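Colleague: First the structure, which I've put down as structure tokens, then a few questions once you've had a look.
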Amino acid sequence: MQNVQFRSVGELLDFLDPERLEMVELLRELVLETVPGVEERLSFNVPFYRRYGALCFIWPGSVSWGSTVWEGVEFGFNNGHLLADEDRYLDRGKRKQVFTKRFFSVHDVKMNIDRLRALLMEAAEVNELLQMEKMQRSRKQ
């Protein structure tokens, strides 16, 4: 069970402390500017983004996952396992598909914007390719 329940992204933003709010706003702006046509939806009480399927999410640590809360803000890629991440910039944890990067300060986010932008563009391309493959499979059936 989560520690909060929001009806909108705006309610989530109102809930956040100033440091996390600024990190989330920077990351939201990055996603919305980088991926044309991306949809923002609240899921699990945090912003998730879709374009040709689930793309990424922004998870402030103050919004629990079950009973777990943490410091900072996590930026996650739903299909992180399909991204070229040879230097293991993204954290895999024990997950097979979703990979994340956790940020602890606004400065940390700003210093990583270019890297995240490149990963977002790659993730959008991957999602588009997955969608095309799905459409081709459905045509063959």
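Colleague: Does Met121 qualify as being at pLDDT below 95 and among the aliphatic types (A, V, I, L, M)?
Modeller: Taking the combined requirement at face value, the residue does not satisfy it.
Colleague: Would you tally the residues in the range 114-141 being of a type in the set (S, T, N, Q) and surrounded by 13 or more Cβ atoms within 10 Å (Cβ to Cβ)?
Modeller: Qualifying residue count, the range 114-141: 2.
Colleague: A further question on this structure: In the range 89-141, what residues are closer than 30 Å to Ser62 by Cα and among the polar types (S, T, N, Q)?
Modeller: If the condition is that a residue be closer than 30 Å to Ser62 by Cα and among the polar types (S, T, N, Q), then Gln97, Thr100, Ser105, Asn112, Asn127 are the ones that fit.
Colleague: Further question: Look through the range 64-95, keep the residues that are among the small types (Gly, Ala, Ser) and more than 16 Å from the chain's Cα centre (by Cα), and return whichever of them is nearest to Tyr52 (Cα to Cα).
Modeller: Applying the filter and picking the extreme gives Ala84.
Colleague: Filter the range 1-58 down to the residues that are at negative phi, of a type in the set (S, T, N, Q) and surrounded by 16 or more Cβ atoms within 10 Å (Cβ to Cβ) and list them by number.
Modeller: Thr34
Colleague: Could you tell me how many of the residues in the range 10-26 are over 16 Å from the mean Cα position of the chain (by Cα) and without any contact (Cβ under 8 Å) to a residue 24 or more places away in the chain?
Modeller: Matching residues across the range 10-26 total 4.
Colleague: If you don't mind, there's one more thing I want to ask. Can you pull out every residue in the range 14-66 that is touching a helix residue (DSSP H, G or I) at 6+ places or on another chain (Cβ under 8 Å), closer than 17 Å to Phe104 by Cβ, part of a loop (DSSP other than H, G, I, E, B) and not hydrophobic (A, V, I, L, M, F, W, C)?
Modeller: Answer for the range 14-66, where residues must be touching a helix residue (DSSP H, G or I) at 6+ places or on another chain (Cβ under 8 Å), closer than 17 Å to Phe104 by Cβ, part of a loop (DSSP other than H, G, I, E, B) and not hydrophobic (A, V, I, L, M, F, W, C): Gly61, Ser62.
Colleague: Condition test on Asp114, is it at pLDDT 95 or above, touching a strand residue (DSSP E or B) at 6+ places or on another chain (Cβ under 7 Å), more than 19 Å from Ser43 (Cβ to Cβ) and charged (D, E, K, R)?
Modeller: Answer is no for this residue.
Colleague: Could you tell me which numbered condition Arg50 fails, if it satisfies all but one of (1) free of Cβ contacts under 8 Å to residues at least 24 places away in the same chain; (2) farther than 20 Å from Arg7 by Cα?
Modeller: For Arg50, the exception is condition (2).
Colleague: Would you mention how many residues in the range 28-47 are without any contact (Cβ under 8 Å) to a residue 40 or more places away in the chain and hydroxyl-bearing (Ser, Thr, Tyr)?
Modeller: Looking only at that region, the number is 1.
Colleague: Condition (residue is at pLDDT below 95, more than 15 Å from Gly72 (Cβ to Cβ), of a type in the set (Lys, Arg) and surrounded by 12 or more Cβ atoms within 10 Å (Cβ to Cβ)) applied to the range 88-101: is it met by at least one residue?
Modeller: Within the range 88-101 (the criterion being at pLDDT below 95, more than 15 Å from Gly72 (Cβ to Cβ), of a type in the set (Lys, Arg) and surrounded by 12 or more Cβ atoms within 10 Å (Cβ to Cβ)), the answer is yes, since at least one residue qualifies.
The values are calculated or read from the model by the stated rules, or taken from the named source; none is laboratory data. Since the model is a prediction, treat every value here as computed from it, not as a measurement. Note that each Cβ is placed from the backbone with ideal geometry, even for glycine, and that neighbours are counted across all protein chains shown.
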